[in-house]
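Notes follow the structure.
The values are calculated or read from the model by the stated rules, or taken from the named source; none is laboratory data. Everything numeric here is computed off the predicted structure, so don't read it as measured data. Reconstructed Cβ throughout: ideal geometry from the backbone, glycine too, with neighbour counts over all protein chains shown.
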Amino acid sequence: MNALRASCHSQPQILRVFVEIQLRFALAGSDMTGGARTRVVHAAHLLGIAPESFARMEAAMRGGERVANATDHNVRTAAAYRTLEVDAAISNEELTRSYRRLMSRHHPDKLKANGLPDSMQEHAKQRTQAIREAYELLKEQRGIG
């Protein structure tokens with residue numbers, strides 16, 4: 001982990017994608033129960049991901065799954081806010097800024113240019129799609145033009 005952190009020190013977004021992939025597998029495999037949570041949290045810590053940032057990442061990953069699968073309007077809305085890593089009380093301008101920041105951080109082309117391996121591109125595409133869907137849902141609900 002120290003070698004990975006050192007080799008990616010100038011591209012922290014690659015470390016975030018790496019941790020997100022670990023999160024995705026841990027959530028799919030055991031819903032982050034037991035030892036899976038301990039290992040992923042420890043890996044994030046070793047890679048310099050702050051606990052608050054990790055918590056937002058986990059909420060976003062869980063929220064992104066629910067936006068796509070939920071049928072209940074309130075559940076979809078809450079999941080969309082989690083995916084965008086924001087609170088429902090933010091302004092439309094702040095919502096748009098958060099969307100743009102996340103799209104920039106997770107865009108597959110940008111990550112590839114920064115050295116993200118082809119094997120991790122699919123995760124970046126899925127994450128970008130979840131961000132886009134969440135923003136479109138909230139944009140429509142809020143009447144953002």
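Observations on the structure shown:
- Listed by first and then second residue, the pairs linking a residue in region 82-95 that is among the basic types (Lys, Arg) to a residue that is in a helix (DSSP H, G or I), with Cβ atoms under 6 Å apart and 6 or more places separating them unless they lie on different chains, are ARG82/ALA59; ARG82/ALA60; ARG82/GLY63.
- Test: ARG82 is farther than 20 Å from ARG16 by Cα, surrounded by 14 or more Cβ atoms within 10 Å (Cβ to Cβ) and in contact with a helix residue (DSSP H, G or I) (Cβ under 6 Å, 6 or more places away or on another chain): no
- Of the residues making up region 107-145, those that are of a type in the set (A, V, I, L, M, F, W, C) and over 21 Å from VAL19 (Cβ atoms) are LEU137, LEU138, ILE144.
- Among (1) surrounded by fewer than 17 Cβ atoms within 10 Å (Cβ to Cβ); (2) at pLDDT below 95; (3) within 23 Å of ARG76 (Cβ to Cβ) - the single one GLY115 does not satisfy: (3)
Here's the yes/no breakdown for (1) touching a Leu at 6+ places or on another chain (Cβ under 8 Å); (2) surrounded by 14 or more Cβ atoms within 10 Å (Cβ to Cβ); (3) modelled with pLDDT of 85 or more; (4) among the hydrophobic types (A, V, I, L, M, F, W, C):
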| site | (1), (2), (3), (4) |
| --- | --- |
| ALA43 | no, yes, yes, yes |
| GLU58 | yes, yes, yes, no |
| GLY64 | no, yes, no, no |
| ASN74 | no, no, no, no |
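- Residue under evaluation SER104, criteria (1) within 23 Å of PHE18 (Cβ to Cβ); (2) of a type in the set (Ser, Thr, Tyr); (3) surrounded by 14 or more Cβ atoms within 10 Å (Cβ to Cβ), criterion not met: (3)
- Scanning region 74-127 for residues that are of a type in the set (A, V, I, L, M, F, W, C) and touching a Ser or Thr at 6+ places or on another chain (Cβ under 6 Å) returns LEU84, VAL86.
- Residue within region 13-20 that is surrounded by 15 or more Cβ atoms within 10 Å (Cβ to Cβ), more than 17 Å from GLU133 (Cβ to Cβ) and basic (Lys, Arg) present: yes
- ALA124 surrounded by 20 or more Cβ atoms within 10 Å (Cβ to Cβ), out of contact with any Gly (no Cβ under 9 Å at 6 or more places or on another chain) and closer than 24 Å to MET32 by Cα: yes
- If the condition is being among the hydrophobic types (A, V, I, L, M, F, W, C), within 21 Å of SER119 (Cβ to Cβ) and within 16 Å of the chain's Cα centre (by Cα), then region 1-42 contributes ILE14, LEU15, VAL17, PHE18, VAL19, ILE21, LEU23, PHE25, ALA26, LEU27, ALA28, VAL40.
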